[in-house]
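K.L.:
Below is the structure I would like to discuss, written out as structure tokens.
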Amino acid sequence: MREHFRHGKAELLKQFGESRATTLAATRLTKALTRQADNALAELWEHAAMPAGAALVAVGGYGRGELFPYSDVDVLVLVPAGPKLDAARAAVRHDEAPADSLRAAVEAFVLACWDVGLEIGSSVRSIDECVEQARNDVTVQTAMLESRWLCGSRRVFSEFRDATHAAMDPRAFLRAKQLEMRQRHVKYEDTPYSLEPNCKESPGGLRDLQVVIWVARAAGLGRNWSELAAKGLITPFEVSQLHKHEGALRLIRARLHLIAARREDRLVFDLQTAVADSFGYKATRVLRSSELLMHRYYWAAKAVTQLNQILMLNIEERISGSEEAPMRPIDEHFLDRSGNLEVVNDQLYSQHRQAILQTFLNYQRTPGIKDLSARTLRALYNARNLMDARFRRDPANREAFMQILKQPHGITHALRLMNATSVLGRYLSVFRRIVGRMQHDLFHVYTVDQHILMVVRNVRRFFIPEHAHEYPFCSQLASQWGEPWVLYVAALFHDVAKGRGGDHSKLGAKEARRFCRDHGIDAENAALIEFLVLHHLTMSHTAQKEDLSDVDVIQGFTKLVGDERHLTALYLLTVADIRGTSPKVWNGWKGKLLEDLYRATLRALGGGKPNLAADIESRKQEARQLLAWHSALPGSEEAVWKTLDLSYFARHDAADIAWHTRALWRHLKSTGPVVRARPSPVGEGLQVLVFSPDAPDLFARICGYFDSAGFSIQDAKIHTTRTGYALDTFQVVSTRIEAGDPAAYRDLISLVETQAAQALASTGPLPEPRPGRVSRRVRSFPVTPRVTLNPDERAQRWLLTVTASDRSGLLYGIARVLAQHQINLYLAKISTLGERVSDTFLVDGPALQRLRTQLQVESELLDAVAPT
């Protein structure tokens, strides 16, 4: 039997793998696997000589008749109550219990199932116990709801079905499944657009469809989509859509099991390409095959999410009897159904197309409206084809869309609801192209459409007083901004051209210009919106890659923005954009760099020419005040400051200058390294000061220590004093400390100061870099390492740029190569976006004056940053 079962299953999987990837093939496979398991269990049941009063029941997905290649085979053994039941349970648990015929039969049956290769999940219960457990456990109740007789006593099975049905409370079951569904959605990121979704459990997955059938069966409203349609709960069109999208999800799940050769329901990065290849997807010039697969998955998941919401609301109304509840008129087209916006009739949108966008305006404007009713959601779902080119050109619709963006409340919710109901993509056809579009750049964790709406939300929060504590400076600037909708439009279009090939900023700027023209936006605001979309990456690039103490950098950026309004708008959009890529990308240090660039540019826009001497004197005065507050004697700073040149004061703020002075004035002639640390003043982590006699390998030793101690360097300011000492400052965060635990960093200060000083005092050769571990995401979507070495604008030093996938020990590997070639480091700009690094270094050294050694340095750097 074992050989026959394994051979049969292998043959079914082979046929499925060789067949075209169609929903019919997946359905045939799950049915065939179910029949194979049915036949094997029936034969084993007969061999086990089970007593006449027992029955074998299929439950769960197996009870539904949907057995995927590596799903568990869940069965219930129904036996009479009494001592025999305890003995049968002991057989399943393999306890040492007194033997009797029932126990022996159950034990033989269960062991035989595993021997044959059936991975069963089994339980042994009487009918009374089934009823009792179902009352206390909604999971057990759900499994029994899908029970199916396999073999044994049909009379016992019929009694079991009658008893469990009689014990069912449809209202309580609905409430429990709604709560369970919400908890499951939260567990799986509360979005159908997760980059590694679970095609069974994530929002929009197969489980969302199964929940609908479960609550419908519990209420006696139907056991399948056709029966629900006969009851008037869904339309024939929705039945066809449900079959289409359910089939797509089943096919993906079956292919996942086949490719992984195990029960795997997550579309993880490691498997996406292989699954896409099994579907026959081919990569294009701008899209991977896996992106094409995921685009198909997201469209199916989005439709399932919509249909689940419609059906669950419909069933709830039917069960609660609220279908006939009185409703309050809002206007001629809409009603208030207990806080849900309801259309006056099912044909409203076909009769009055302009009412489609008015739906969302009413949602924003009407007090007490919290959501859309099932009837409205269904009407919108069925009105998608009405939103054509004529609909988009209608001046009334264009005015309505602009009014949605200009409302004082509910903008984020309205746009998200428009996207969830497909209205946003149908109205903005350019937006529809990026719905469900993946971003394989190692720092975005959302699809393009979800990222865009997250950026709109972030901009919106700048204008809401309740969120002022999140971004105080942004909220301060927003409070003086007169037209928030301008920023919302820029946010909507900033990434709208991704996935086309070419520069998405330039392409998006053209789309923004067209939108502004079509919607009658005045020339000044239209030009600003186009500017913001075109340059939405510029401020971040300048802040994180350029030397902000360089007057030429500030002057160049000032010339680009031109005036304070453009500067403020670009700053607000940049902060919102970085915050919207991933919760892990933003940190206090990036915020400080952007704010420093904003303030420096604002000063330059004030009309006065940059005056470095005046700025430095101002910083010195502020630093003296800070020193006085710490009881430093007047003039005690001079011994330290006379060893420092102008570039030091230009690149450090007053707080850092005061801290350095207090830490070093007694150690100016120290022969060994001095290390001081404090909690970072710009967010989480530590700020670490290193003062030591300079050496070519000093930076490498510092990086090596931080790597071995589990710290990631966020920023580094490198300076050499007039007396030949290195005075370097690092912003570091620990990879071993959870975010939001500043006390843990305070506890590390003494340890870091001691261990770092010991590591820097070492004079031995630099150790070989350790193989750095990379994440699954990096393994699946690696960044091609790039190294560029060019003279700076003054042709005095060299600008070294390194781009690679992030991993532990990466910066140490770079620093080690520089040290081995005795290359001096003057500036390090460490930029990490998610799992992609793009570091910039200002360097010089004799090795860079010869073309041959230049090439050698570049080659060794490429080897150092290559994935291990």
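K.L.:
Of the conditions (1) in contact with a strand residue (DSSP E or B) (Cβ under 8 Å, 6 or more places away or on another chain); (2) open to solvent by 80 Å² or more (accessible area, probe 1.4 Å); (3) not aromatic (Phe, Trp, Tyr), Thr803 clears all except one; give me its number.
P.N.:
So Thr803 meets the others, but not (2).
K.L.:
Continuing with this model, one more query. Check whether at least one residue in region 179-189 is touching a Phe, Trp or Tyr at 6+ places or on another chain (Cβ under 9 Å), open to solvent by 10 Å² or more (accessible area, probe 1.4 Å) and either more than 25 Å from Phe781 (Cα to Cα) or not aliphatic (A, V, I, L, M) (or both), and report yes or no.
P.N.:
No, every residue in region 179-189 fails to be touching a Phe, Trp or Tyr at 6+ places or on another chain (Cβ under 9 Å), open to solvent by 10 Å² or more (accessible area, probe 1.4 Å) and either more than 25 Å from Phe781 (Cα to Cα) or not aliphatic (A, V, I, L, M) (or both).
K.L.:
Shifting gears a bit: Would it be correct to say that Ala600 is modelled with pLDDT of 90 or more, assigned to a helix (DSSP H, G or I) and open to solvent by 10 Å² or more (accessible area, probe 1.4 Å)?
P.N.:
Considered against the rule, which asks whether it is modelled with pLDDT of 90 or more, assigned to a helix (DSSP H, G or I) and open to solvent by 10 Å² or more (accessible area, probe 1.4 Å), Ala600 comes out as yes.
K.L.:
The conditions are (1) buried (at least 18 other Cβ atoms within 10 Å of the Cβ); (2) within 27 Å of Ala604 (Cα to Cα); (3) more than 33 Å from the chain's Cα centre (by Cα), and Ser540 fails exactly one of them. Which is it?
P.N.:
(3)
K.L.:
With respect to the numbered conditions (1) farther than 23 Å from Lys545 by Cα; (2) open to solvent by 20 Å² or more (accessible area, probe 1.4 Å), which one is the sole condition not fulfilled by Ser692?
P.N.:
Only one criterion in (1) farther than 23 Å from Lys545 by Cα; (2) open to solvent by 20 Å² or more (accessible area, probe 1.4 Å) is unmet by Ser692, namely (2).
K.L.:
Hey, can you tell me all the residues within region 418-435 that are open to solvent by 20 Å² or more (accessible area, probe 1.4 Å) and either in a loop (DSSP other than H, G, I, E, B) or touching a residue at least 12 places away in the same chain (Cβ under 8 Å) (or both)? Break it down into steps so the answer makes sense when it comes.
P.N.:
Of region 418-435, the ones open to solvent by 20 Å² or more (accessible area, probe 1.4 Å) are 420, 426, 429, 432-433.
If the condition is that a residue be open to solvent by 20 Å² or more (accessible area, probe 1.4 Å) and either in a loop (DSSP other than H, G, I, E, B) or touching a residue at least 12 places away in the same chain (Cβ under 8 Å) (or both), then Ala420, Arg426, Ser429, Arg433 are the ones that fit.
K.L.:
With respect to Asp441, determine if the residue is modelled with pLDDT under 95 and acidic (Asp, Glu).
P.N.:
So Asp441 passes the test.
K.L.:
Which ones in region 562-580 are under 20 Å from the mean Cα position of the chain (by Cα) and either among the charged types (D, E, K, R) or open to solvent by 10 Å² or more (accessible area, probe 1.4 Å) (or both)?
P.N.:
Answer for region 562-580, where residues must be under 20 Å from the mean Cα position of the chain (by Cα) and either among the charged types (D, E, K, R) or open to solvent by 10 Å² or more (accessible area, probe 1.4 Å) (or both): Asp577, Ile578, Arg579.
K.L.:
List the pairs whose first member sits in region 18-34 and is in contact (Cβ under 8 Å) with a residue 24 or more places away in the chain, whose second member is assigned to a loop (DSSP other than H, G, I, E, B) and open to solvent by 30 Å² or more (accessible area, probe 1.4 Å), and whose Cβ atoms are under 7 Å apart, counting only residues at least 6 apart or on separate chains?
P.N.:
Ala21/Gly280; Ala25/Ser19
K.L.:
Filter region 603-644 for residues that are of a type in the set (Asp, Glu) and either over 17 Å from Leu548 (Cα atoms) or touching a strand residue (DSSP E or B) at 6+ places or on another chain (Cβ under 7 Å) (or both); which is surrounded by the most Cβ atoms within 10 Å (Cβ to Cβ)?
P.N.:
Glu637
K.L.:
Hey, can you tell me all the residues within region 45-64 that are open to solvent by less than 10 Å² (accessible area, probe 1.4 Å) and in a loop (DSSP other than H, G, I, E, B)?
P.N.:
Ala54
K.L.:
Checking the condition buried (at least 18 other Cβ atoms within 10 Å of the Cβ), touching a helix residue (DSSP H, G or I) at 6+ places or on another chain (Cβ under 7 Å), closer than 30 Å to Val211 by Cβ and touching a residue at least 60 places away in the same chain (Cβ under 8 Å), which residue from Leu293, Leu271, Leu307 passes? Give the steps one after another, and end with the answer.
P.N.:
Numbers: Leu293 fails: touching a residue at least 60 places away in the same chain (Cβ under 8 Å); Leu271 fails: touching a residue at least 60 places away in the same chain (Cβ under 8 Å).
The conditions single out Leu307.
K.L.:
Scan (1) among the β-branched types (Val, Ile, Thr); (2) in contact (Cβ under 8 Å) with a residue 12 or more places away in the chain; (3) open to solvent by 30 Å² or more (accessible area, probe 1.4 Å); (4) more than 26 Å from Gly591 (Cβ to Cβ) for the single condition Val787 breaks and write down its number.
P.N.:
(3)
K.L.:
Hey, another quick one. Does Leu348 count as closer than 21 Å to Arg461 by Cβ, at pLDDT 95 or above and surrounded by 17 or more Cβ atoms within 10 Å (Cβ to Cβ)?
P.N.:
no
K.L.:
Follow-up. Do we find a residue being part of a helix (DSSP H, G or I), modelled with pLDDT under 95 and closer than 20 Å to Glu201 by Cβ anywhere in region 271-284?
P.N.:
yes
K.L.:
Could you give every pair whose Cβ atoms fall below 8 Å, whose first residue belongs to region 392-409 and is touching a residue at least 12 places away in the same chain (Cβ under 8 Å), and whose second residue is open to solvent by 80 Å² or more (accessible area, probe 1.4 Å), counting only separations of at least 6 or pairs across chains?
P.N.:
Here the result reads Asp394/Gln354; Ala396/Gln354; Asn397/Gln354; Ala400/Gln354; Gln407/Arg365, each pair linking region 392-409 to a residue that is open to solvent by 80 Å² or more (accessible area, probe 1.4 Å).
K.L.:
Quickly run through region 368-399 and pick out the residues that are in contact with an Asp or Glu (Cβ under 7 Å, 6 or more places away or on another chain) and either among the β-branched types (Val, Ile, Thr) or open to solvent by less than 70 Å² (accessible area, probe 1.4 Å) (or both).
P.N.:
Gly368, Ile369, Ser373, Ala374, Thr376, Ala379, Arg398
K.L.:
Can you name the residue in region 540-552 that is at pLDDT below 90 and of a type in the set (A, V, I, L, M) and is also nearest to Lys590 (Cα to Cα) among such residues?
P.N.:
Taking the candidates together, the pick is Leu548.
K.L.:
So, one more: Arg701 is checked against (1) in contact with a strand residue (DSSP E or B) (Cβ under 8 Å, 6 or more places away or on another chain); (2) at pLDDT 90 or above; (3) within 26 Å of Pro769 (Cβ to Cβ); (4) surrounded by 18 or more Cβ atoms within 10 Å (Cβ to Cβ) and fails just one. What number does that condition carry?
P.N.:
(1)
K.L.:
Determine which member of the set Ile252, Ile234, Ile213 is more than 29 Å from Val448 (Cα to Cα), surrounded by 20 or more Cβ atoms within 10 Å (Cβ to Cβ) and without any contact (Cβ under 8 Å) to a residue 60 or more places away in the chain.
P.N.:
Step by step, each of Ile252, Ile234, Ile213 is checked, and only Ile213 is more than 29 Å from Val448 (Cα to Cα), surrounded by 20 or more Cβ atoms within 10 Å (Cβ to Cβ) and without any contact (Cβ under 8 Å) to a residue 60 or more places away in the chain.
K.L.:
What pairs come out if I take residues in region 448-466 that are over 16 Å from Val430 (Cβ atoms) and part of a helix (DSSP H, G or I) and pair them with residues that are open to solvent by 30 Å² or more (accessible area, probe 1.4 Å) and at pLDDT 95 or above whose C-beta lies under 6 Å away, six or more apart or interchain?
P.N.:
none
K.L.:
Please tell me if Ile319 is part of a helix (DSSP H, G or I) and buried (at least 22 other Cβ atoms within 10 Å of the Cβ).
P.N.:
no
K.L.:
Going through region 375-417 one residue at a time, which ones are touching a helix residue (DSSP H, G or I) at 6+ places or on another chain (Cβ under 8 Å) and not in a helix (DSSP H, G or I)?
P.N.:
Passing the criteria: Ala383, Met387, Gln407, His409, Gly410.
K.L.:
Could you run through region 643-673 and say how many residues are touching a Ser or Thr at 6+ places or on another chain (Cβ under 7 Å), outside any helix (DSSP H, G or I) and either among the β-branched types (Val, Ile, Thr) or farther than 12 Å from Tyr725 by Cα (or both)?
P.N.:
Adding up the residues that qualify gives 2.
The values are calculated or read from the model by the stated rules, or taken from the named source; none is laboratory data. From a predicted model like this one, the values you see are computed outputs, not experimental measurements. Neighbour counts run over all protein chains shown; Cβ positions are idealised from the backbone, glycine included. SASA here: full protein model, heavy atoms, side chains in, ligands and nucleic acids out. Shrake-Rupley method; radii C 1.70, N 1.55, O 1.52, S 1.80 Å.
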